[in-house]
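J.: Dropping the structure in here first, questions after.
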Amino acid sequence: MRSAYALQFAANLVYATSYVATRVVLDDLPPAFLALVRLVVGAAILVPITGALEAPATPARGDAWRIVWMGVVGFAGAFALSHWGLARSTATNAALLIIVEPLSIMALSPLLLGERLRRREVAGGALAVVGAVLVVLNGVPGLTLALAPHWRGDLLLVLAGLAYGAYTLIGRAVLARHSPLVVTARSIVWGAVVMVPLTVAEWLGGARPVLSPGAVVGALYLAIVITAFGYLLWNWVLARVSAPQVAIFVTVQPIGGAVLGVVLLREPLTVFTVAGAALIVLGLWLTVTGRD
């Protein structure tokens, strides 16, 4: 369990880099095209590995459909919405608004999965969420003067957070019966299939990729590190840890995004960021020690 917690923490720090990387790459690659590249490259990596390491098996009808919906909603839907949102908003906003994902998971897991947190873990989750909200209060999306112009992009980012949360909620039961490698590979393939018509429509609308060196490197980073191996790691952890516990660790991402904003985007480090980070660290400690 401790190893799963450590991997979750490290993975979410890596996930936090995806917002800045995606925002930079979107200057050269259209949103749907970038999503398709991530999914195709990810599938090209994971499908052969799955074929080599896993015995051939056909999931039951119910699980097969769950894997399809993981790809449709959690890959294609989440990627498309997040890319469209980032194209209209900022990397910092995207990192902050990812808090929608853990909130949706923690709210719906008791109803859909029957998974509940212990009191200590509830307290830890609440502190982590409050900490993330403090970070967000540096500028409330859609309300403050600085962020109001991005409200359309922010709304898409909120919907993307819900789609990411749906991936976890749908996949939890499937991962109890099938290996993370199989589930990740199959769902990513379905995501790529769904992204094809969206990319074609984008192309017909006049959007064209500019294959600059930075765009190619950034797209490969997003495809290999974040999409292929990032999701594989996520599913490996989800097969071992309850969905609400996994959700709490997502609150690391707003802090990672804020730090990157300070370092790379030269945004100010405020008392809200520091206080929020402290609460998130405390909340994660309560969660990690909640089952000792």
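J.: Classify segment 68-122 from the C-alpha gyration tensor, please: rounded if a/c falls under 1.5, else prolate or oblate depending on whether a/b exceeds b/c. Write down the numbers at each step before the final one.
T.: Details: a/c = 4.53, a/b = 1.56, b/c = 2.90.
Since a/c reaches 1.5 but b/c is at least a/b, the shape of segment 68-122 is classed as oblate.
J.: Relative contact order for segment 1-118 using alpha-carbon pairs under 8 Å, separation at least 6, rounded to a whole percent? Could the numbers behind the result be given before it?
T.: Working: 37 pairs, mean separation 48.5, N = 118.
Reported as a whole number, the value is 41 percent.
J.: Under the rule a/c < 1.5 gives rounded, and otherwise a/b versus b/c splits prolate from oblate, where does segment 22-108 land using the Cα gyration tensor?
T.: On the way: a/c = 2.68, a/b = 1.46, b/c = 1.83.
Verdict is oblate for segment 22-108.
J.: Once every DSSP H run of n ≥ 4 in the chain is given -39500 (n - 2.57) and the sum is divided by its residues, what mean residue ellipticity at 222 nm do you get, rounded to the nearest 500 deg cm²/dmol?
T.: Numbers: 15 runs with 210 residues, N = 292.
Calculated mean residue ellipticity at 222 nm is -23000 deg cm²/dmol.
J.: Largest first and to the nearest Å, give the Cα extent of segment 201-243 along each principal axis.
T.: So the extents along the principal axes, rounded to whole Å, are 44, 25, 10.
J.: Please report, in debye to the nearest 20, how large the charge dipole of the chain is about its Cα centre when each Lys and Arg carries +1 at its beta carbon and each Asp and Glu carries -1 there.
T.: 520 debye
J.: Further question on the same structure: Ignoring ligands, DNA and RNA, please state the percent of accessible area on the chain from carbon and sulfur, probe 1.4 Å.
T.: On the way: 9330 of 12810 Å².
That fraction is 73 percent.
J.: Next question. In whole Å, largest first, what are the principal axis extents of the Cα atoms in segment 157-223?
T.: Ordered largest first, segment 157-223 gives principal extents of 42, 24, 23 Å.
J.: Mind computing the radius of gyration and Dmax over the alpha-carbon atoms of the chain? Å is fine for both.
T.: Every Cα atom of the chain included, Rg and Dmax give 18.3, 57 Å.
J.: Additional query: Averaged per residue, what accessible area in Å² does the chain show with a 1.4 Å probe, protein chains only?
T.: 44 Å²
J.: Translational diffusion coefficient, Stokes-Einstein: compute it for segment 3-51 using the Kirkwood radius over C-alpha pairs as Rh, at 25 °C and 0.890 mPa s, and state it as an integer in µm² s⁻¹.
T.: The Stokes-Einstein estimate is 193 µm²/s.
J.: Name the shape class, rounded, prolate or oblate, that the alpha-carbon gyration tensor gives for segment 154-281, where a ≥ b ≥ c are the square roots of its eigenvalues, rounded holds for a/c under 1.5, and otherwise prolate holds if a/b is larger than b/c and oblate otherwise. Could the numbers behind the result be given before it?
T.: Values: a/c = 1.95, a/b = 1.07, b/c = 1.82.
Judged from the Cα gyration tensor, segment 154-281 comes out oblate (a/c at least 1.5, b/c at or above a/b).
J.: Okay, next question. With the chain treated as a Gaussian network of Cα nodes joined by springs under 10 Å, which of ALA57, ALA128, ALA21 yields the largest mean-square fluctuation?
T.: Evaluated over the chain, the most mobile residue of the options is ALA57.
J.: Let me know the charge dipole size of segment 23-104 about its Cα centre in debye, to the nearest 20, where only the beta-carbon of Lys, Arg (+1) and Asp, Glu (-1) is charged.
T.: Details: 5 positive and 5 negative charges, 28 e Å.
Rounded to the nearest 20 debye, it is 140 debye.
J.: Who wins for biggest fluctuation among GLY171, GLY125, GLY51 in a Gaussian network model of the chain, springs between alpha carbons below 10 Å?
T.: Maximum fluctuation in the GNM of the chain, among the listed residues, is at GLY51.
J.: Let me ask you something else. Within the chain, which whole H helices from DSSP have a Cα span along their axis of at least 24 Å and a mean Kyte-Doolittle hydropathy of -1.0 or more, if any? Each step should come with its number before you reach the end.
T.: Values: long enough: 31-53 (33 Å, 2.06); 119-136 (25 Å, 1.46); 151-175 (36 Å, 1.14); 180-204 (36 Å, 1.48); 271-288 (26 Å, 2.31).
Within the chain the helices that satisfy the rule are 31-53, 119-136, 151-175, 180-204, 271-288.
The values are calculated or read from the model by the stated rules, or taken from the named source; none is laboratory data. Bear in mind the structure is a predicted one, so any value in this text is a computation, not a measurement. Ideal geometry is used to build each Cβ from the backbone, glycine not excepted, and the neighbour counts take in all protein chains shown. Ligands, DNA and RNA are stripped out before the accessible areas are found, and what is left, the full protein with its side chains, is counted by its heavy atoms. Shrake-Rupley method; radii C 1.70, N 1.55, O 1.52, S 1.80 Å.
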